[in-house]
Amino acid sequence: MNVKGTASVLLAGVVAALAITGVAAADSARRESSEQKTIDRGRYLIRIAGCNDCHTPGYAQSGGGVPEAQWLTGDTLGWSGPWGTTYPANLRRVVAGMSEEEWIRRARSAQYRPPMPWFNLRDMTDADLRAAYRYVRSLGPAGGPAPAYVPPGGKVSGPVVTFPAPPK
């Protein structure tokens, strides 16, 4: 093969390699864009579902003015009623320890103590549960565990919101 032929083959190879790389990069960008849309949907769902109201310290009191880096780290404010006293879990730690499929199974089957509206999770679509999971995972782990559940009549330390007993 002469120099001109070798150069043509080499040029064709470079063009093919660039085309393959371009297609792969575009495909990767589409996947990243799709994943970012899912995370953005999760952020939206977390906001409108009221997750931050309990699971982010000071969120409700500040009208949502807590920086996103501090969202969903649980709270030491207890919720007390006939069921005992519960504390909002650190969701960032919770989801860090489970797969997406485990999260969906748990969301569909768990029946948490009040005031957690577990039935809202149960009724979400799989796509919405996946979006919420991916958003929380995107935040990364932060904060410590929430205080442990205190049974009715148990000693509680720290502030609590007290619910009245339901009417009979």
inquiry  = One residue is enough: does the range 50-59 have a residue meeting the conditions of a type in the set (S, T, N, Q) and either touching a Pro at 6+ places or on another chain (Cβ under 7 Å) or farther than 17 Å from Leu129 by Cα (or both)?
reply    = yes
request  = Determine which member of the set Trp79, Trp71, Trp103 is at pLDDT 90 or above, over 19 Å from the mean Cα position of the chain (by Cα) and among the aromatic types (Phe, Trp, Tyr).
outcome  = Trp79
ask   = What number of residues within the range 148-160 are open to solvent by less than 50 Å² (accessible area, probe 1.4 Å) and within 28 Å of the chain's Cα centre (by Cα)?
value = 1
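The values are calculated or read from the model by the stated rules, or taken from the named source; none is laboratory data. Computed from a predicted structure; not experimentally measured. Glycine also receives a Cβ, built like all others from the backbone with ideal geometry; neighbour counts cover every protein chain displayed. Ligands, DNA and RNA are excluded from the accessible area calculation, which covers all protein heavy atoms including side chains. Shrake-Rupley method; radii C 1.70, N 1.55, O 1.52, S 1.80 Å.
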